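The values are calculated or read from the model by the stated rules, or taken from the named source; none is laboratory data. Note that this is a predicted model, so its numbers are computed, not measured. Every residue, glycine as well, gets a Cβ built from its backbone with ideal geometry; the counts of neighbours run over all protein chains shown. To get the accessible areas, we keep the full protein, side chains included, count just its heavy atoms, and leave off ligands, DNA and RNA. Shrake-Rupley method; radii C 1.70, N 1.55, O 1.52, S 1.80 Å.
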Amino acid sequence: MKLISCHIEAFGVLRGTDCIFSDGLNVLLKNNGEGKTTLASFIKAMFYGLPKTRAQSLEENERKKYTPWDGGNFGGNLTFEISGRRYRIERFFSSKPGDERFALYDADTGRPSSDYSEDIGESIFGIDAEGFERTCLLSEKPHPASCTNSGITAKMSGTNDVSEELGSYENALKLIDKERAVYEKRGKKGLVYELEENISDLRIRIEDERKLIAEENAIESEIAEKAIAVSASCERRKELSEQMQKLFEKKKRAEIVKYHRAQLSDIALEESRFSECDSFFRRGSCDKAELDSAEGKYRKIKILDDVIKNSASHERTEKLAAVYGVPEAGADMEELAGIKEAIYRSEIEDAGEGVSDEDIKRMHELETSLPGDIRKYPDDSFGRTFKKYRASAVIFFILTFISAAAALLSPMTGLRLAFAAAALILCACGAFFTISAIRMKKTFADYLKRLGFPVNSSDDLGALLEIMKKSQDEYIDIRGRIERSESKKLRLAKEIDDSILAALNIINKYLPEEETAGVYDPYSDAPAPDRARVKSLADRIISEYTEYRLLSDAYRSTEEDISVKKGEISRLGKEVSEYLSHYPVGDAEDPFGAIREKIQQREILINLIIRKKETAKKFAEDNCISEDEPASVSPEEENALRAETDAEERIYARLLQEKTALEKKRDAIALSTASYDSDCSEEERLSAEYEKAKERLTVLKETYKYLCAAKDGMSSRYLKPLKSSFEKYMLMIGGDKDGKYTLDTSLTVRREDAGELRTSENYSRGTKDLFDIALRFALIDALYTKEMPFVILDDPFITFDAERCRSGLQALSKISSRIQILYLTCHESRANFG
Amino acid sequence: MKIVHTADLHLDSPMTARLDPQKTKQRREELLMNFRGISERAHLSGASAVIIAGDLFDSELTSVRTMRKVSDMIREFSDIAFFYVHGNHESDSFSSLPDLPENLYIFGDDWTTYRIGPVTFTGRNTLAPGMFSSLSLPEDCRNIVILHGAAARGDAEIDLRAAAGKNIDYLALGHYHTYSALEIDRRGTAVYPGTPEGRGFDECGTKGYVLLNVSPENISFDFVPFAARTLHTIPCDISGCRTHSEIRDRLSAALADIPRSDLVRAELTGTYFRETHKNIRALEDDMRGRFYCFEIKDSSRPYIDLESYRSDLSLRGEFVREVMGSDLPDELKEKIIACGISALAGEETEF
């Protein structure tokens, strides 16, 4: 394309100015301040308008800068040709961008044209105003370090929708950056780092938990070993307890046997006494009838002797007849003799009654060891009561639980309180029965311990009850025997007393009152009659009656009878002597009394021995005692067993304590490792999230990288030809044949000097300007492959030396053959294109 | 004679299917009960022996309580002989427990043989090169050898070529968690029963144990499915779906035949359009209640017509060509392209 003409109505210093442009090189030599730059700016403004800015400085605010100094219609028109068609642009500006006017006409027909809009510059050149300034318009403004902008880049890369594309690129990078910042931030932040940290912490925790689990397992093994040891100790304790129980049984058995042995000893003693007593009857008979007969003979002898001696004596006979001469005397004497016999039998029976000292001792032993509570409960009632207590406690606690649950679940406050109160009361009742049951059991245990039975806390109450029952049965048995014996003795005593009283009644008939006074007075303090005295009186009156009978008979006898009587005395005397000779009575005053006593003693002993033998036999049968059973237990055996039991108890307690401690430790560890599973799951989850985050980050980074690479790729497509073009112009304008240059995507030129790539900043102003001019032309060649634009050069060689300036002008001449150049300068030396 | 062959129970192992703590605990209990169930089946079917070819426990961190439970279970079935070989995941903690049941037979580090009637059970805990050279088995017996490791016809821990001709009727193996059978020679077969209960989604499919039937002529065997729950990884191609509902319906159809008691991982595959709203969390929430455990692995990719970018002069085209021309893995390339295109479109990056 080419400029044809322009008319400046009013633009900066220019007013009513017309310019005609020719093909090729257009040189405008004007002094400073005559509007060269303003013309260049006007041409640009026609195509691109004036930029909208709020900047206040003139350098930055072209609208302000070029507002006509003298007022007038701010703007003008420009005619140009493109693709064989001519157009006329009319633009008028104002201080307000919104008030601007634009019009496009077909220059040939004069009609308005809609071929281009207000953005005619972008449409024609394909770059924005800035890009235009960096390529086609070399003004007096300072040149930026980089010649390119996104518009140039886009145009060179050949993309459509440049601004949109680049806008999306910038936005894309921002989006990716924004998302990347979530995953990764400076200073060890971001999701990836956080996940890494969390996973690391979690792994450390998991590792610690694993160690704890290993420790827990080791402790579990130790607990298992301890449990085995505890179990073994328990078994051993049970064995020792059984041994102790057997020993206790053995002891009890030994006591029973000992008791039986004592019974047998007692029997032996009685038998020995019997033997001693019986030895009295070694040569003689112990028959009472024989004794009575012999004694009768002895009395008869005495009487006959008395009769012989006192045959003439009536006095005695009369005296006796006075007492015993009554008809009922015989019957009374018989009755009295019967009573005497009855008393005799009762006394024998009474002597045989009674309980052994061992039994009494045993009963006292059991009495003192039986605890008070147990006494209250006969037989099995204790066990029943204990079970009742226990059942009651359970029931009360169940009711307590139900009440408490009801209290928790009740919707109403009042009901809740009522249930709570009920629960408290029921709980108290349950506690009472529990304590009572425990106390009862403890009492049992104490009782058994006192008896020497080893009691463990785990012993069955049933077994304890059985032991107690046995002891109780034993006590009851002994006590029963004692009571029965005492009862019998009382009965016998009463019988004897009744007999004595009956005898006394008879005696009182035959003896004077003064002789029987004091024997028995029912109104006195004495509870019973003087038995010995009554027996003695009974003997006396029987004897006297016998004497009376004999004397009566003897009194009636004659002289012939005396020799008969003497003969009888002699005969009877022999018989009595014969009888008495069998007994070791010696010179006893009353041999027959002595014999009678011995007979009675013998009979008593026989009964006693029989009774004791029966008792001992029953005892042996009831307790299955055998002859060779031992009657004692070795104390060493018991001591050794106790010592072993105590030692085992200590071992058991220690093992239990150790096991409990280990279990507590294990439980504490288990609590610490309770979250192990969830930690492992969490670690897995976080690891998966981490991998995903890392992958996302990698994708984002790679995407960013490849987007930049794509942009650079697009740019670098044109860099090679651009570089060639630049070198061509460097040679053409600057005469630089050997320079080695590089060009990057930001169109920064670098020259290799002294082994280093140096930017234009390293060179003089003139060389910088040379780089700039060469690059602009290179850009124009690259940007405009079809339709070449015009180029406005506002004193481009102002910093060049003369030689370079000459080269530059020559180059411009060559270039102008294909590109319309508007060359503006203020100095002739720089306008010499010759 | 009947014999049950199992291995790789990995009792007390962490569950690799991501379950909540309660279900993790439940699954661990199910694994333990699985062992009991196998023992019970053996008892009910009149089996004389149970072979455990290694990895009964998961690690040396297996709790002593679990080991004791297993010991008690073995003791409970005192009419069955349990033959146990260590696996690579185990220490000798179980063998060292006090009071092990009498019907548990443990093997040593060298060949150890037990016998029940005409059947010999030979095994060893440690594998060594050339170990088969010292193995001598009677020809007239039915010989079962028990090992734990990787077996192959060639250079492997258990070289089946070396096992050939050793009168092995049945090589009871453990190590691989999927059922398979390999021929040793004309006489014998090497069998992996697989794990009887899957623990993670790398152990999908039917699991169980192997039931052997020993006759005077040979040993035959069958695989018996026996797992409380099966794990499934179900692919679901969502290509062509344009809405979330379509994806959900397609997924639902793919999962129609899966029992409720099972664990399911649905893997979304294929491509989806950029405008399709794909809400993985909503899909998981919809499906979760249908199964014991449900999760989604999203392997689907946004649809990108790479061909269309071949001659695209825009930045997008340049970008696509740059990525395709790189030596990155294809899957990564796809993701980068999807991300870049979404970003260039000003949308939330999807890949």
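Let me check something: with ligands and nucleic acids excluded, how do B:Lys335, A:Lys723, A:Lys705 order by accessible area (1.4 Å probe), largest to smallest? Kindly include the intermediate steps, with their values, before the conclusion.
On the way: B:Lys335 10, A:Lys723 65, A:Lys705 105 Å².
My answer, sorted largest first, is A:Lys705, A:Lys723, B:Lys335.
The stretch A:693-757 and the stretch B:285-341 have Cα centres separated by 31 Å.
Backbone geometry of the stretch B:217-223 corresponds, through the Karplus equation with coefficients 6.51, -1.76 and 1.60 at θ = phi - 60°, to 3J(HN,Hα) couplings of 8, 7, 10, 9, 8, 9, 7 Hz, x marking Gly and Pro. Chain A against chain B buries an accessible area of about 3200 Å², both chains summed, 1.4 Å probe radius.
Taking only C-alpha pairs under 8 Å that are 6+ residues apart, what is the relative contact order of the stretch B:2-225 in percent? Walk me through the numbers before you get to the answer.
Details: 487 pairs, mean separation 47.5, N = 224.
Once divided by the residue count of the stretch B:2-225, the mean separation gives 21 percent.
Is there a pair in A:Lys692/B:Lys335; A:Lys178/B:Lys335; A:Lys52/A:Lys768 whose C-alpha atoms are over 22 Å apart, and which pairs would that be? Too far apart for the 22 Å limit: A:Lys52/A:Lys768. Relative to the longest principal axis of the Cα atoms of chain A, helix A:559-580 runs at roughly 30 degrees.
Per residue, the stretch B:231-344 exposes an accessible area of 47 Å² to a 1.4 Å probe, with every protein chain left in place.
Taken along its principal axes, the alpha carbon cloud of the protein assembly as shown reaches lengths of 234, 87, 59 Å, longest axis first.
How much accessible area does A:Arg101 have with a 1.4 Å probe, in Å² rounded to the nearest 10? Here the residue's solvent-accessible area equals roughly 130 Å².
Please compute the average number of Cβ atoms from other chains found within 10 Å of each residue's Cβ in peptide A:692-698.
On the way: counts 0, 0, 0, 4, 4, 0, 4.
Mean shielding count: 2.
Using the 1.4 Å probe convention, the accessible area of chain A works out to 54 Å² per residue with neighbouring protein chains retained.
How many percent of the accessible area of the stretch B:231-344 is carbon or sulfur, using a 1.4 Å probe? Please list the in-between numbers first.
Details: 2510 of 5380 Å².
Looking at the stretch B:231-344 in its full context, I get 47 percent from C and S.
Rg/Rh, computed from the Cα trace of the stretch B:158-214 with Rh as the Kirkwood radius, has the value 1.04.
Any number yet on Rg/Rh for chain B, C-alpha, Kirkwood? Write down the numbers at each step before the final one.
Numbers: Rg = 25.9 Å, Rh = 23.2 Å.
Here the Rg-to-Rh quotient is 1.11.
Among the protein heavy atoms, those of A:Tyr105 account for about 60 Å² of accessible surface (1.4 Å probe, every chain in place). The solvent-accessible area of A:Thr825, taken with every protein chain present and a 1.4 Å probe, is close to 0 Å².
Pop out the carbon and sulfur fraction of the accessible area of chain A as a percent, whole number, probe 1.4 Å.
Numbers: 23100 of 44770 Å².
Carbon and sulfur together cover 52 percent of it.
Once both axes come from the Cα atoms, what is the angle between helix B:21-44 and the longest principal axis of chain B, in degrees from 0 to 90, rounded to 10? The answer is roughly 40 degrees. A loss of 40 Å² or more of accessible area (1.4 Å probe, protein heavy atoms, ligands and nucleic acids excluded) relative to the isolated chain is seen in these residues of the stretch B:21-69: B:Leu61, B:Val64, B:Arg65, B:Arg68. Computed over chain A, relative contact order equals 25 percent, with contacts defined as Cα pairs under 8 Å that lie 6+ residues apart. Distance distribution note for the stretch B:231-344: the fraction of Cα pairs above 25 angstrom is 34%.
Counting only alpha carbon atoms, the long axis of helix B:330-344 and the longest principal axis of chain B meet at about 30°.
All other residues whose Cβ lies under 15 angstrom from that of B:Pro138 are scored, Lys and Arg at +1 and Asp and Glu at -1, for a net of +1.
Mind scanning A:Lys509/A:Lys598; A:Lys211/B:Lys69; A:Lys340/A:Lys566; A:Lys185/B:Lys333; A:Lys258/A:Lys613; A:Lys340/A:Lys565 and naming the pairs with a C-alpha gap bigger than 20 Å?
A:Lys509/A:Lys598; A:Lys211/B:Lys69; A:Lys340/A:Lys566; A:Lys185/B:Lys333; A:Lys340/A:Lys565, as the Cα separations exceed 20 Å there.
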